[in-house]
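What follows is a single structure, written as structure tokens, with notes after it.
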Amino acid sequence: MQSPSFDDVARRRYDRRSFLHGLASGAALATAPWLLPARGARRALAGAPASLSFESVPASTADELAVPPGYVPDVLLRWGDPLHEGGPALDLAAQTAATQAAQFGFNCDFIGFVPLEPGRSDRGLLCVNHEFTSRSEMFPEVGDAPTARQVEVELAAHGVTVAEVAADDDGRWALVPGSRSNRRVTATTPCRLSGPAAGTPALRTEADAEGRTVLGTLYNCSGGLTPWGTLLSGEENFWHYFGNAPAGDDLAARSRERYSARTGRSAYGWEAHHQRFDLGREPREYHRFGWVLELDPFDPGAAPVKRTALGRMCHEGAATALADDGRVVVYTGDDSTGEFVYKFVSAAPYDPGDRAANRDLLDAGTLYAARFEPDGTGRWLPLRPEGPLADWTQADVLVHARLAASLLGATPMDRPEDVEVHPRTHRVYVVMTKNPGREEGDGGANPRAHNRHGHVVELDEDGGDLGAESFTWNLFLLGGDPARPEDAAFYAGARAGVDPVSCPDNVAFAPDGSLWIATDGQPRTFGCNDALYAVATVGPERGRTRRFLSGPRGCEVCGPAFTPDGRTLFVSVQHPGAGRGLRDPERGSTWPDGDFPRPSVVAIRRADGQPVGA
Ligand code: FEO
Ligand code: CA
Ligand code: CA
């Protein structure tokens, strides 16, 4: 791709510097120079979407899923829906591990649509993450600690679903129940560890002396799809499942602390039923979670693989793209307060003509952590056993990646969530969800104190090459309400008509190049339900956010994913009625069926069959 023009670079520098100056001086938003409309650059306009034409839906506290006039939302897969012909339907009072393992899991998050054939938009394999479980929203009877049966059901409700789905002539989607592709990966499915850390002593346990096979995957949040049609699934807050961490001052103990291990009972209480979640008895099981899992949806018998070369952290997701020379680049945010943004670059290039040759591409390469300088430049710091890490093994660098990246001087961020690469400009969008505890801005890529609303950083790899080791960066969006000066909100130069965004989380690009931003946290900041917004990143509409969807009460919106033709948008509605139990119609949720809340995937289309958003 072409290098950025001078005009383009100058415009971006101007945006950021003006913004930082404004923050320091307390300049009134109405006269702030960074609110001038962005000057168009040729390269930028080449990536401009056709204008977004839908009518914004209003912010809402209603227990309903709202989309603009002319759009049709169909609930496609609900928690507990059977995935196989004749499979068990959800029976709240009679759940077992076996029934749950044959059903759609709980709390759907990332969605990847893999066409059955390249470019096909009416039939595909839907790969969906199931992030976590909530006993109070799953079981009619809940005590202080889980029963043995509840633990087994919860283990089976985690992980990933692969489901073949097809659209009829009217564009209405349904599960293909007889498909041999339909499968569940759960928290007990054997998964292979591969890459530089596989087999290292830190990954060996009593049950797995080789350190190469883990039972299951946990807290699968966001993810990505590879060019060869596999799912990458980020294991995020795995620390919730482990209790009784022992004290110490060796590397493993310091690492447990940095990775939030609890010294007392875990949030889930599983350690009372399964020794491997008790860190006092099996401290190394902790090291076997926090990886990126790769799953081939076209091979239902294949074991999922944890790719250790991508490092161990609270992976929000895994966004994949190609460097100019064809090497595979995977961006990932580590979603904890003050943690880092990473990217992995494979050693070998992607081979579009040989799927088997790409199978283990993610096992060799370089993991980098990002350092953002206040002057708008930045560097990718390679995590290798050299310099301050000269005494480390490569395996320890990967297992304890947070500690390694700190020693290199990576930049602590305001909870990095999803990352996406614009399909045409190749600019990289990095989402920070929020950090209200930040005492003061860092003068750079995390500029606001008490960052309640989160922000989005726009990153240009040097030379436009995603394999580069340096970059420039700019602020694209600072969430909050532009009508409230104290929010210091910024919408990439859009002066008016934006729909306010808070707590951005998952992002996705539509085929037309518009950016779609899902939120997780607006009830606490705006007092309205979480929602999904669309925004142009280039052209005259740059920065003008529009609310496309408002979710039901208590949910977060996640996993936006488009079919290749852009005519269907899949969205996950995660934890409707969160914290309110199964039956609290006054304050909780009864979505989608009017009885009790069920996390679900929704397929949204335009009634006239045209692309969504256009
Ligand atoms: Fe699972 Fe960072 O959201
Ligand atoms: Ca998320
Ligand atoms: Ca989140």
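The values are calculated or read from the model by the stated rules, or taken from the named source; none is laboratory data. Bear in mind that the values here come from a model prediction, so they are computed numbers and not experimental data. Reconstructed Cβ throughout: ideal geometry from the backbone, glycine too, with neighbour counts over all protein chains shown.
A few remarks follow.
- Considering residues of the stretch 337-347 that are hydroxyl-bearing (Ser, Thr, Tyr) and either farther than 17 Å from Val457 by Cβ or surrounded by 24 or more Cβ atoms within 10 Å (Cβ to Cβ) (or both) only, the residue farthest from ligand 3 (Cβ to nearest atom): Ser346
- Candidate set: the stretch 113-153, residues that are charged (D, E, K, R) and touching a Pro at 6+ places or on another chain (Cβ under 7 Å); chosen: the one nearest to ligand 3 (Cβ to nearest atom): Glu137
- Scanning the stretch 186-242 for residues that are β-branched (Val, Ile, Thr) and farther than 23 Å from Thr99 by Cα yields Thr200, Thr205, Thr213, Thr226, Thr230.
Here is a yes/no grid of residues against (1) within 16 Å of ligand 3 (Cβ to nearest atom); (2) closer than 26 Å to Arg135 by Cβ:
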residue: Thr230; (1), (2): no, no
residue: Glu235; (1), (2): yes, yes
residue: Trp239; (1), (2): yes, yes
residue: Glu285; (1), (2): no, yes
residue: Asp296; (1), (2): no, no
residue: Gly301; (1), (2): no, no
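- Residue match in the stretch 261-283 (condition: polar (S, T, N, Q) and within 16 Å of ligand 3 (Cβ to nearest atom)): no
- Within the stretch 498-524, the set of residues being of a type in the set (Val, Ile, Thr) and within 16 Å of ligand 2 (Cβ to nearest atom) comprises Val501, Val507, Ile517, Thr519.
- Strands (runs of 3 or more DSSP E) (entirely within the stretch 488-594) containing at least 3 residues that are surrounded by 24 or more Cβ atoms within 10 Å (Cβ to Cβ) and within 16 Å of ligand 1 (Cβ to nearest atom): 504-509, 515-519, 556-562, 568-574
- Flag if Cys555 is touching a residue at least 60 places away in the same chain (Cβ under 8 Å) and either among the polar types (S, T, N, Q) or within 21 Å of Lys434 (Cα to Cα) (or both): no
- Cβ-Cβ contacts under 9 Å between residues 6 or more apart (or on different chains), taken from a first residue in the stretch 285-313 that is modelled with pLDDT under 95 and in a helix (DSSP H, G or I) to a second residue that is surrounded by fewer than 24 Cβ atoms within 10 Å (Cβ to Cβ) and of a type in the set (S, T, N, Q), are absent.
- Condition check for Arg402: at pLDDT below 95 and more than 16 Å from ligand 2 (Cβ to nearest atom): no
- Within the stretch 101-125, if we keep just the residues that are of a type in the set (A, V, I, L, M) and in a strand (DSSP E or B), the residue that is farthest from Arg149 (Cα to Cα) turns out to be Val114.
- Residue match in the stretch 433-455 (condition: hydrophobic (A, V, I, L, M, F, W, C), within 18 Å of Glu316 (Cα to Cα) and in contact with a strand residue (DSSP E or B) (Cβ under 9 Å, 6 or more places away or on another chain)): no
- Which listed residue is of a type in the set (Lys, Arg), within 22 Å of the chain's Cα centre (by Cα) and more than 16 Å from ligand 2 (Cβ to nearest atom), from Arg542, Arg546: Arg546
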